[in-house]
Amino acid sequence: MAGRYLDAFPLANTLAGKSTPTPAECHLIGWTLLGLGKPRDALPWLERAKGALAREALFLVHLGLALHRLGDYDAAEAWLDKALKRAPRDARQLVAIGQQLSAAFRYREAARWFQRAAEIAPGNVDARLQLAHVQLRRGDDMAARATIEAALTAAPRDAGARLAHANILSTFGDFEAADGQLRALLAETPDSAQILAQLVSNRRMTDADRDIQGRLERCAARPGRPDDRIASCFALGKFSDDIGRYDEAFSWFAQGNAMKRSLAPPYDPDTVTRTVDLLTAAYSEAGLRELRPGSDLSPKPVLVVGMPRSGTSLVQDMLAAHPDIHGAGEQSFWGEMLDRYRQAVFMGQLSPAMLADITRATLDFLNDLSDGAARIIDKMPANFRFLGPVHTAFPNARFIHVTRDPRDTCLSIHFQNFGLQHTYATDLTHLAHYYRQYQRLMAHWARSLPPDRLLEVPYESLVEAPEDWTRRMIAFLDLPWSDACLKRENLGRSVATASKWQVRQPIYQTSRRRWQNYRAFLAPLSSLAPDTPA
């Protein structure tokens, strides 16, 4: 979905300058701004189109999502209900609407639209593939694999189904089969940027793969879709890094990041700083030690947090091998749930009724993911923002904070083709600022939360002594030890993050001090050395 917003952004910018844009143009502008994370700017444009487009389901979904993002939940649900009543019989439109809901992390609602599309048109491969994506995002990996395999059975020559099948094979750890599937696709479309990028991400490249490098270079130079060119640059960066050509690698990553910066909204350091200011003021040590009416004492929620690329995937998969722990991957639940009460969350003024709603919805959601697990891990790294409000709702929830050398962390983030929400990732100066604010907030949580609720796990120590640290984490979660935790690379579950190849390998230390290969480029990160105060 990110590529669609990138494609639409220049046109929307042009249309916004017209004196009298049509309702359809207002809708396009609003949709683009909404997709770029600017619902407050999107809403006036959508309101201008409402009179003419109030019977179109896709428009109603966009209006409902904008209102939901702004906290007007009753109005949002009313418009989303109207969209369902206006649902067309055209499977393609149903899929388009489901995609909008999926992009807004409304996975349950999105699944209903995709399922309806598949029922209306059983041969619609896109409906099945989109449904599989939602199932994977909700942690139902086996259902996702079955859905993709059904799509492939129905359309064995469909390129989208075959690419999805290759992706699901790699997320389940069958990299050899995935590589074969991708190679077969490349024989038919030799210069597909997306297929080439997926192939590069599946394993370490060598000099024997120079044909892939040449194809990617042609994709990067070819005019066309920005997301294809961006994907090519990041894949070329990884290729060059794999074979030890570090100056060349940094140049490719820099090109990819520059293209993303030119097309996406700018990073706003003042807003990030103010957000941390609000949270540290709202959640004091005294307040976090107080048991609040409406809270729930369940120990089921476990949040593994930190910066992206810090080792959260490794930690989750070591723990998820335990028979009493379910690893749910990166869920958007906490961001969505707390967004309902945005002002109360940031002011630290969650009422008993709000807390009761949060705890009830949370336990319903966790039980939907796995009703038999004693602990359920959500490893969304950005949940570090929410430790105060989550602890207020669930005083027995446990938080595992994974730390890593900040230079290695920031470099790895900069080298990853993340989605548009990571606006800080494309510029090293912005990355340094964001990292310092993250450090400031985590230091506050460490001082303010009860000491037996937050465990800090240094990545470097974890890879040196994995069994010692795994035992410490299991004890922290108040569970008995299981030897299965030492065999996490043999998990039969999917790993749907950027680390899916790494976490399938035995514990390794090769990514430590990787930043030294790029020392000449890292002046903006110099203040983040581990022995330098943030």
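Considering only region 153-214, give the helices (runs of 4 or more DSSP H) lying wholly within it that have at least 2 residues that are over 23 Å from the mean Cα position of the chain (by Cα), within 19 Å of SER232 (Cα to Cα) and not aromatic (Phe, Trp, Tyr). Step through it out loud before you land on a result.
Values: elements: 159-171, 175-188, 193-202.
Output list reads 175-188.
Pairs needed: first member in region 457-468, part of a strand (DSSP E or B); second member anywhere, aromatic (Phe, Trp, Tyr) and surrounded by 13 or more Cβ atoms within 10 Å (Cβ to Cβ); C-beta distance under 7 Å; at least 6 residues apart or different chains.
Within 7 Å, the pairs are VAL457/TRP469.
Restricting to region 103-125, name every residue that is among the acidic types (Asp, Glu) and either at pLDDT below 85 or crowded, with 22+ Cβ neighbours inside 10 Å (or both). Quick ask: steps written out before the conclusion?
Filtering region 103-125 down to residues among the acidic types (Asp, Glu) leaves 109, 119.
Scanning region 103-125 gives a single hit, GLU109.
Got at least one residue in region 28-37 being of a type in the set (A, V, I, L, M, F, W, C), without any contact (Cβ under 8 Å) to a residue 40 or more places away in the chain and over 23 Å from ARG342 (Cα atoms)?
yes
Name the residue, out of ALA373, ALA328, that is out of contact with any helix residue (DSSP H, G or I) (no Cβ under 7 Å at 6 or more places or on another chain) and either crowded, with 16+ Cβ neighbours inside 10 Å or more than 30 Å from ALA465 (Cβ to Cβ) (or both).
Details: ALA328 fails: out of contact with any helix residue (DSSP H, G or I) (no Cβ under 7 Å at 6 or more places or on another chain).
Among ALA373, ALA328, only ALA373 is out of contact with any helix residue (DSSP H, G or I) (no Cβ under 7 Å at 6 or more places or on another chain) and either crowded, with 16+ Cβ neighbours inside 10 Å or more than 30 Å from ALA465 (Cβ to Cβ) (or both).
Of PHE384, PHE399, which residue is aromatic (Phe, Trp, Tyr) and assigned to a helix (DSSP H, G or I)? Can you show your working first?
Details: PHE399 fails: assigned to a helix (DSSP H, G or I).
Residue meeting the stated conditions: PHE384.
In region 307-353, which residue that is on the phi > 0 side of the Ramachandran plot and modelled with pLDDT of 90 or more is farthest from the chain's Cα centre (by Cα)? Show your work before the answer.
Filtering region 307-353 down to residues on the phi > 0 side of the Ramachandran plot leaves 309, 311, 329, 348.
Narrowing the set further to residues that are modelled with pLDDT of 90 or more leaves 309, 311, 348.
Values: ARG309: 12, GLY311: 15, GLY348: 26 Å.
Looking at residues that are on the phi > 0 side of the Ramachandran plot and modelled with pLDDT of 90 or more, I get GLY348.
Residues of region 325-334 being more than 22 Å from THR392 (Cα to Cα) and out of contact with any Ser or Thr (no Cβ under 8 Å at 6 or more places or on another chain), which ones?
ILE325, GLY327 - these are the residues of region 325-334 that are more than 22 Å from THR392 (Cα to Cα) and out of contact with any Ser or Thr (no Cβ under 8 Å at 6 or more places or on another chain).
Which pairs have Cβ atoms under 7 Å, sit 6 or more apart or on different chains, and link a residue in region 332-349 that is under 18 Å from ASP277 (Cα atoms) and of a type in the set (Val, Ile, Thr) to one that is at pLDDT 90 or above and outside any loop (DSSP other than H, G, I, E, B)?
If the second residue must be at pLDDT 90 or above and outside any loop (DSSP other than H, G, I, E, B), the pairs left are VAL345/PRO389.
Only one of (1) in a loop (DSSP other than H, G, I, E, B); (2) touching a Ser or Thr at 6+ places or on another chain (Cβ under 7 Å); (3) not β-branched (Val, Ile, Thr) is not met by GLN349, so which one is it?
(2)
Would region 266-282 turn up any residue that is out of contact with any Ser or Thr (no Cβ under 6 Å at 6 or more places or on another chain), small (Gly, Ala, Ser), within 21 Å of ARG342 (Cα to Cα) and modelled with pLDDT of 95 or more?
Here is the first cut: in region 266-282, the residues out of contact with any Ser or Thr (no Cβ under 6 Å at 6 or more places or on another chain) are 266, 268-282.
Applying the additional criterion that residues be small (Gly, Ala, Ser) yields 281-282.
Next, only the ones that are within 21 Å of ARG342 (Cα to Cα) stay: 281-282.
Keeping just the survivors that are modelled with pLDDT of 95 or more gives 281-282.
Within region 266-282, one or more residues are out of contact with any Ser or Thr (no Cβ under 6 Å at 6 or more places or on another chain), small (Gly, Ala, Ser), within 21 Å of ARG342 (Cα to Cα) and modelled with pLDDT of 95 or more.
So which residues in region 281-294 are touching a Phe, Trp or Tyr at 6+ places or on another chain (Cβ under 9 Å) and either farther than 20 Å from GLY335 by Cβ or not in a loop (DSSP other than H, G, I, E, B) (or both)?
Of region 281-294, the ones touching a Phe, Trp or Tyr at 6+ places or on another chain (Cβ under 9 Å) are 282-283, 288.
Within region 281-294, ALA282, LEU288 meet the criteria.
With (1) buried (at least 19 other Cβ atoms within 10 Å of the Cβ); (2) aliphatic (A, V, I, L, M); (3) more than 23 Å from LEU279 (Cα to Cα); (4) touching an Asp or Glu at 6+ places or on another chain (Cβ under 9 Å) as the list, and LEU428 as the residue in question, which single condition is left unmet?
Of everything listed in (1) buried (at least 19 other Cβ atoms within 10 Å of the Cβ); (2) aliphatic (A, V, I, L, M); (3) more than 23 Å from LEU279 (Cα to Cα); (4) touching an Asp or Glu at 6+ places or on another chain (Cβ under 9 Å), LEU428 misses just condition (4).
Could you list, in sequence order, the residues of region 290-310 that are within 15 Å of PHE399 (Cα to Cα) and surrounded by fewer than 24 Cβ atoms within 10 Å (Cβ to Cβ)?
LEU297, SER298, PRO299, LYS300
The values are calculated or read from the model by the stated rules, or taken from the named source; none is laboratory data. Everything numeric in this text was worked out from a predicted model, so none of it was measured. All Cβ positions, glycine included, derive from the backbone under ideal geometry; neighbour counts span all protein chains shown.
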